[in-house]
1. With both bridge residues required to lie in the stretch 15-102, what share of the DSSP beta bridges run antiparallel, to the nearest 5%?
2. Enter the Cα centre distance for the pair the stretch 1-39 and the stretch 150-172, rounded to the nearest angstrom.
3. Dipole of the stretch 152-216, Cα-centred, from +1 at each Lys and Arg C-beta and -1 at each Asp and Glu C-beta, to the nearest 20 debye?
4. Rounded to a whole number, what % of the accessible area of the stretch 109-168 do carbon and sulfur atoms account for, probe 1.4 Å?
5. Given the options Arg175, Arg101, Arg166, which has the most mean-square fluctuation in a GNM of the chain, springs set between C-alpha atoms less than 10 angstrom apart?
6. Reachable lysines from Lys187, Cα under 23 Å, same-chain residues fewer than 8 places away excluded?
7. Let's see if you can work this out: charge +1 on each Lys and Arg Cβ, -1 on each Asp and Glu Cβ, no other charges. What is the dipole magnitude of the stretch 1-128 about its Cα centre, in debye to the nearest 20?
8. Using a Gaussian network model of the chain with C-alpha springs under 10 Å, which one of Gly34, Gly93, Gly159 is most mobile by mean-square fluctuation?
Amino acid sequence: MIIDVPTSLGSGRLTVSEAAQPRAVVWLGHGAGGGIGALDLTALADHLPEHGFTVARYEQPWRVAGKKLAPRPATLDIAWRETANAVAELADGLPLVVGGRSAGARVACRTADDLGAAAVMCLAFPLHPPGKPEKTRLDELLLPSAPTVVLQGDRDTFGTASDVEREIGSRDSIRVVPIPGADHSMKVLASSPLKAQDVAALVTASVADFLEGVLA
């Protein structure tokens, strides 16, 4: 199901993969360098409905308009927030989980509490720009009061799984799931013990397990 959502920045788009008997809606945003066809986002949309979770992947207006460069973070938040009513109608009272990959994960973290999210899911959270660990974005990751899961590759130049674990310290509200051999795009080397399908399966199983625990 495709839902076009007008915003003050242009039309955004929700691509919805419905569960037969949904228990929650998982609303996911894409990164600054790609769209909703990313490996991890696609895997979640394909398989989470089998676990009772409807998945709504959101394309920001800049992406729908065919532009190649994402606008500033605050602009991404505007379109996301203005789409919240459409997602609430889709959820129809069910718990809402927000998340996304990279820049989309940052948006979800910054807005989760205001939108009443029951949980937050971050794929490849960009902890810092590549090569600049001093410019940390830890403050954004710590914003949500809801339980949060971070799925992070151990070759991610924006911060590895170990980096995220070290930065968050003993905070038990955030679960970190390392993705062995994966980079920021969740891609693995030919020599990696995990292949692309294994990464997709690990991401889906880890998210489903997290949501089962949160929503039990």
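The values are calculated or read from the model by the stated rules, or taken from the named source; none is laboratory data. Fair warning: this is a prediction, and the values are worked out from it, not measured in the lab. Cβ coordinates were reconstructed from backbone atoms using ideal geometry, including for glycine residues, and neighbour counts include every protein chain displayed. When the accessible area is computed, the model is the full protein with side chains, heavy atoms only, and any ligands, DNA or RNA have been set aside. Shrake-Rupley method; radii C 1.70, N 1.55, O 1.52, S 1.80 Å.
1. DSSP beta bridges in the stretch 15-102 are roughly 20 percent antiparallel.
2. 26 Å
3. Computed charge dipole of the stretch 152-216: roughly 120 debye.
4. On the way: 1200 of 2360 Å².
It is 51 percent, rounded to a whole number.
5. Largest GNM mean-square fluctuation: Arg166.
6. Cα-Cα hits under 23 Å: Lys68, Lys132, Lys195.
7. Roughly 540 debye, rounded to the nearest 20.
8. Maximum fluctuation in the GNM of the chain, among the listed residues, is at Gly93.
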